[in-house]
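The values are calculated or read from the model by the stated rules, or taken from the named source; none is laboratory data. Computed from a predicted model, the values in this text were never measured in an experiment. Please note: Cβ atoms are built from the backbone with ideal geometry, for glycine as well, and neighbour counts cover all protein chains shown.
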Amino acid sequence: MTWAPGTVIGPVSVGPPAHGGHCVARVDGKVVFVRHALPGEIVEVSITEDAHERYARGDAVRVLEAAAGRVPAPCPVAGPGGCGGCDLQHADLATQRELKRQVVAEQLRRLGGYEWSGDVESVPPESGLGWRTRMRYQVTATGQLGLRAHRSHDLIELPEQGCLLAHPDQPVRTGEYEPGCEVVVAGRGPSSAVLVDGEVVEGVATIVEHAARRTWRVAANGFWQVHEAAADTLVEAVMTGLEPRRGDTAWDLYCGVGLFAGPLVDAGVAVRGVELSRRAVRDASRNVPEARFEAGRVEQVARRWPNRVDLVVCDPPRTGVGKVVAEQVVRRRPRRIAYVACDPAALGRDVATFTASGYSVRSLRAFDIFPMTHHVECVAILEG
Ligand SMILES: C[S@@+](CC[C@H](N)C(=O)[O-])C[C@H]1O[C@@H](n2cnc3c(N)ncnc32)[C@H](O)[C@@H]1O
């Protein structure tokens, strides 16, 4: 069975959520990943892609029987054919968190061999809007700010009120840029910057953030947790899970500007950090002068570090830490490892590696720091 893009099929009975912001349906023996639908709904699906023998992709374009959690999307450009940034605006926040709970549990069970029975915790603001302190826009052919459609280079112009996820104190001006440019808006209020194709054109070159009872300097184009409450939320989860003791040693792997090194130092721990970005390492050294930071790849730097460490924090990009880094960590037999994960699939694979080396999951918390999208952040505490 093959469908041309644009073919509308249905009625389709929608099954469980799958990782990636869609639900699974089965039509004539083929899996269809349906966006903008909810489990239990009956919908009509417009096929967007059918390039594989075993599965196709589509958007729910008409809801024949709605689930209880369905709500009208707050943003006029969310939904089928619209902006690709938000996958879940058609669900209330409790339903969004339940979908993410199911995805995290399924990824951990299937890839990590770990049965998780927790919930996805909400993070203020309760509206799930206005939380993004970093935005990346593309400029449309008419000079307007836009965002990409899902799995496409097509640009969707921002609605009149702007992106509803953007923090209300972010400076945004539209209609002023060359078509084809990339415009990044970082920070908020007086500590914010607008970058065009990587160059700061307005605001400050270094953003100042406050979190974990410290002040942080971050390059305008550098990494900082995107949700306004994420830094405090993740630090609390990591520190509660690690239970550091005065005099411990710790590694902050993928340390950025030192977000986890700071509170560890404040708890009387001697910290080494490693991070790929040289500029982030310079900022980390100023933010947390008590810790030692090195620029480079974790894979190459950590292998030169001492043979013993008490605690390790890993906060890798979406690909996870992988076997090489996991093996360097477990060889030092740390008492506890805090793994901060933005991709539950990578977390599942890495949990399997750590548990095969004699570690067990002591706790696992998930946080809704990307509301309206399918993304979710987890903090796993592993114990040796
Ligand atoms: C998810 S961010 C976490 C940053 C920091 N822990 C924080 O919360 O602000 C991941 C960081 O890993 C860095 N990175 C990516 N690949 C790396 C590698 N192979 N070795 C070291 N750092 C890496 C990125 O530059 C980025 O700063």
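For residue 108, all conditions in the list (1) aliphatic (A, V, I, L, M); (2) assigned to a strand (DSSP E or B); (3) touching a helix residue (DSSP H, G or I) at 6+ places or on another chain (Cβ under 6 Å) hold save one; what is the number of the exception?
(2)
Is it true that some residue in segment 333-349 is within 11 Å of the ligand (Cβ to nearest atom) and either in a loop (DSSP other than H, G, I, E, B) or of a type in the set (Asp, Glu) (or both)?
The answer is yes, given that some residue of segment 333-349 is within 11 Å of the ligand (Cβ to nearest atom) and either in a loop (DSSP other than H, G, I, E, B) or of a type in the set (Asp, Glu) (or both).
I need the full set of residues from segment 295-317 which are in contact with a helix residue (DSSP H, G or I) (Cβ under 6 Å, 6 or more places away or on another chain), charged (D, E, K, R) and near the ligand (Cβ under 10 Å from one of its atoms), in order please.
Once the filter is applied, which keeps residues that are in contact with a helix residue (DSSP H, G or I) (Cβ under 6 Å, 6 or more places away or on another chain), charged (D, E, K, R) and near the ligand (Cβ under 10 Å from one of its atoms), segment 295-317 yields only 299.
Which of the residues that make up segment 333-354 are farther than 18 Å from residue 114 by Cα and in contact with a helix residue (DSSP H, G or I) (Cβ under 9 Å, 6 or more places away or on another chain)?
Here is the first cut: in segment 333-354, the residues farther than 18 Å from residue 114 by Cα are 333-335.
335 - this is the single residue of segment 333-354 that is farther than 18 Å from residue 114 by Cα and in contact with a helix residue (DSSP H, G or I) (Cβ under 9 Å, 6 or more places away or on another chain).
If you take the residues of segment 196-210 that are in a strand (DSSP E or B) and within 22 Å of the chain's Cα centre (by Cα), which of them is nearest to residue 173 (Cα to Cα)?
Out of the qualifying residues, it is 207.
Could you list, in sequence order, the residues of segment 165-177 that are out of contact with any Ser or Thr (no Cβ under 9 Å at 6 or more places or on another chain) and in contact (Cβ under 8 Å) with a residue 24 or more places away in the chain? Reasoning before the result, please.
Quick first cut of segment 165-177, residues out of contact with any Ser or Thr (no Cβ under 9 Å at 6 or more places or on another chain) only: 168, 172-174, 176-177.
Within segment 165-177, 168, 172, 174, 176, 177 qualify.
For residue 148, indicate whether it is closer than 30 Å to residue 103 by Cα and surrounded by fewer than 21 Cβ atoms within 10 Å (Cβ to Cβ).
yes
If residue 148 meets every condition in (1) touching a strand residue (DSSP E or B) at 6+ places or on another chain (Cβ under 6 Å); (2) assigned to a strand (DSSP E or B) apart from one, which number is that one?
All conditions are met except number (1).
Is it the case, given these coordinates, that residue 368 is at pLDDT 95 or above and closer than 28 Å to residue 38 by Cβ? Steps first, please.
Working: at pLDDT 95 or above: yes; closer than 28 Å to residue 38 by Cβ: yes.
Yes.
Kindly provide the set of residues from segment 302-330 that are outside any loop (DSSP other than H, G, I, E, B) and either crowded, with 16+ Cβ neighbours inside 10 Å or without any contact (Cβ under 8 Å) to a residue 24 or more places away in the chain (or both), ordered by number.
Of everything in segment 302-330, those that are outside any loop (DSSP other than H, G, I, E, B) and either crowded, with 16+ Cβ neighbours inside 10 Å or without any contact (Cβ under 8 Å) to a residue 24 or more places away in the chain (or both) turn out to be 302, 304, 311, 312, 313, 314, 325, 326, 328, 329, 330.
For the condition assigned to a strand (DSSP E or B) and either of a type in the set (Ser, Thr, Tyr) or under 29 Å from the mean Cα position of the chain (by Cα) (or both), what is the one hit in 26, 62? Before the answer, list the steps.
Values: 62 fails: either of a type in the set (Ser, Thr, Tyr) or under 29 Å from the mean Cα position of the chain (by Cα) (or both).
The conditions single out 26.
Identify all residues within segment 346-372 that are within 20 Å of residue 299 (Cβ to Cβ), in contact (Cβ under 8 Å) with a residue 12 or more places away in the chain and not basic (Lys, Arg); write none if there are none.
Within segment 346-372, 346, 347, 350, 351, 352, 353, 354, 357, 359 meet the criteria.
Residue 20 passes all but one of (1) out of contact with any Lys or Arg (no Cβ under 8 Å at 6 or more places or on another chain); (2) under 21 Å from residue 96 (Cβ atoms); (3) crowded, with 17+ Cβ neighbours inside 10 Å; which number fails?
That leaves (3) as the condition not met.
Of the conditions (1) within 17 Å of residue 258 (Cα to Cα); (2) within 13 Å of the ligand (Cβ to nearest atom), residue 375 satisfies every one except a single condition; which number is it?
In the conditions (1) within 17 Å of residue 258 (Cα to Cα); (2) within 13 Å of the ligand (Cβ to nearest atom), residue 375 misses (1) alone.
With respect to the numbered conditions (1) part of a loop (DSSP other than H, G, I, E, B); (2) surrounded by fewer than 17 Cβ atoms within 10 Å (Cβ to Cβ); (3) within 29 Å of the chain's Cα centre (by Cα), which one is the sole condition not fulfilled by residue 39?
(2)
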